[in-house]
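Have a look at the structure below before the remarks.
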Amino acid sequence: MQTNEWTTLFKDVESAIAEGAEPESAKGLSLADRWADLVAAFTGGHAAIADGVKKVWQDFENLPEHPKEQMRPFKNLASDEINGFISRAMAARNRKP
């Protein structure tokens, strides 16, 4: 189930940060690969859908209550530190040849 995979991934990113792993390291890139795979599974690999999902997260506080409550467990897991780590790891992943 994808929810469990996301929860595990958030915890793994948090552990990597606690261990002092750099986002650009092999561990960081591996986490970025997992992140990208889960996003692709959720969006069907459609860039427009992925962009829409990003916009929803950016406007989380203005969502209607029902979708907000459904998404809250993920919002609670996604600290600024985790988001920053994944952003840097994804950027490094995208620079790979």
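The values are calculated or read from the model by the stated rules, or taken from the named source; none is laboratory data. What you see is a predicted model, and the numbers here were worked out from it, not measured in a lab. Because the Cβ atoms are built from the backbone with ideal geometry, glycine has one as well, and the counts that use them run over all protein chains shown.
Among the residues making up the range 45-75, those that are of a type in the set (D, E, K, R) and assigned to a helix (DSSP H, G or I) are Asp51, Lys54, Lys55, Glu61, Glu65, Lys68, Glu69, Arg72, Lys75. If you go through the range 6-38 and keep only what is under 17 Å from Met90 (Cβ atoms) and of a type in the set (Asp, Glu), you end up with Asp12, Glu14, Glu22, Glu24, Asp33, Asp37.
The single condition among (1) surrounded by fewer than 13 Cβ atoms within 10 Å (Cβ to Cβ); (2) at pLDDT 85 or above; (3) charged (D, E, K, R) that Lys96 does not satisfy is (2). Lys68 meets each of the listed conditions (1) under 25 Å from Pro23 (Cβ atoms); (2) surrounded by 13 or more Cβ atoms within 10 Å (Cβ to Cβ); (3) of a type in the set (D, E, K, R) apart from (1). If we keep just the residues of the range 39-51 that are among the small types (Gly, Ala, Ser) and either in contact with a Ser or Thr (Cβ under 7 Å, 6 or more places away or on another chain) or surrounded by 12 or more Cβ atoms within 10 Å (Cβ to Cβ) (or both), which is farthest from Phe10 (Cα to Cα)? So the residue we want is Ala50. Answer yes or no as to whether Phe42 is more than 17 Å from Glu81 (Cβ to Cβ) and part of a helix (DSSP H, G or I). Taking the combined requirement at face value, the residue satisfies it. Against the numbered list (1) part of a loop (DSSP other than H, G, I, E, B); (2) of a type outside the set (Val, Ile, Thr); (3) without any contact (Cβ under 8 Å) to a residue 24 or more places away in the chain, Ser30 comes up short only at (1). Lys96 - would you say it is free of Cβ contacts under 8 Å to residues at least 40 places away in the same chain and charged (D, E, K, R)? No, not satisfied. When Ala48, Ala89, Ala78 are checked against the criterion of being hydrophobic (A, V, I, L, M, F, W, C) and free of Cβ contacts under 8 Å to residues at least 12 places away in the same chain, Ala48 stands alone in meeting it. Here Ala36, Ala21 are screened, and the one residue that is surrounded by 13 or more Cβ atoms within 10 Å (Cβ to Cβ), at pLDDT 90 or above and in contact with a Gly (Cβ under 8 Å, 6 or more places away or on another chain) is Ala21.
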